1. Would you kindly work out the equivalent ellipsoid of the chain from its C-alpha gyration tensor and give its semi-axes, the square roots of five times the eigenvalues, largest first in whole Å?
2. Please give, to one decimal in nm, the separation of the simple spin-label points placed at residue 54 and residue 146, each 7 Å out from Cα toward the Cβ.
3. For segment 1-82, state which trypsin sites (Lys or Arg not before Pro) are in a DSSP loop and have at most 16 other beta carbons lying within 10 Å of their beta carbon.
4. Mind putting a number on the dipole of the chain about its Cα centre? Charges go on the C-beta only, +1 for Lys and Arg and -1 for Asp and Glu, and I need it in Debye to the nearest 20.
5. Go through 15/94; 22/105; 22/56; 15/39; 5/94; 39/129 and tell me which ones have a Cα-Cα distance over 24 Å in this structure.
6. Chymotrypsin sites (Phe, Trp or Tyr not before Pro) within segment 35-131: which are DSSP loop residues with at most 12 other Cβ atoms inside 10 Å?
7. Write out the trypsin sites (Lys or Arg not before Pro) in segment 83-147 meeting two conditions: DSSP loop, and at most 13 other Cβ atoms within 10 Å of their Cβ.
8. What is the chain's relative contact order, in percent, from Cα pairs under 8 angstrom and six or more apart in sequence?
Amino acid sequence: MDIIKLNSDSLTDFKALIEIFKEVFENDEPVANDVQLGKLLSNPDFLVFVVMSNSKVVGGLTIYVLHRYFGTKPIAYIYDVGVSPDLQGQGLGKALIAEVCNFCKQNNFEDAYVEAESDDIDAVSFYRKTKFSSELSAIHFTYDLSD
């Protein structure tokens, strides 16, 4: 197993990760076109890490880099995390989180965080098994901007 950070030339691996996300999150939304996905991969404030096994993407996560006005170090907002269902429970997700935290530490991030819906028992249980430093309950408000 290898964990690698994708670059702008990694569209195929990024699309494979998105398919894993669709399966794990039971999401049937259409995926953006290759131009949009390429823009994301080229954005320095969007990071993608994948878990590779036998040259195949079997999991990964995405990060949005948040720049702060109360400090100079960025924060890593871990947005989506997913491992192929048939490989869950084997430590791949924990290794992925650990590797990403190490990357963030080496690249002078202030911290990294991830959110999980309180009723998503599997996600909450998973994150509680990682080496997190604090847990915060919050209420999330969404504003629908489509008219």
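1. Details: eigenvalues 92, 77, 70 Å².
Those come to 21, 20, 19 Å.
2. Reported label-point gap for residue 54 and residue 146 is 3.9 nm.
3. 68
4. 800
5. Among 15/94; 22/105; 22/56; 15/39; 5/94; 39/129, the Cα-Cα distance tops 24 Å for 22/105; 39/129.
6. When the chymotrypsin sites (Phe, Trp or Tyr not before Pro) of segment 35-131 are filtered for loop state and at most 12 Cβ neighbours within 10 Å, 69, 70 remain.
7. Numbers: sites: 94, 105, 128, 129, 131; in loops: 129, 131.
Sites meeting the loop and neighbour criteria: 129, 131.
8. Relative CO of the chain lands at 19 percent.
Just so you know, all these numbers are worked out from the coordinates, no wet-lab data involved. This is a predicted model, so every value here is computed, not measured. Please note: Cβ atoms are built from the backbone with ideal geometry, for glycine as well, and neighbour counts cover all protein chains shown.
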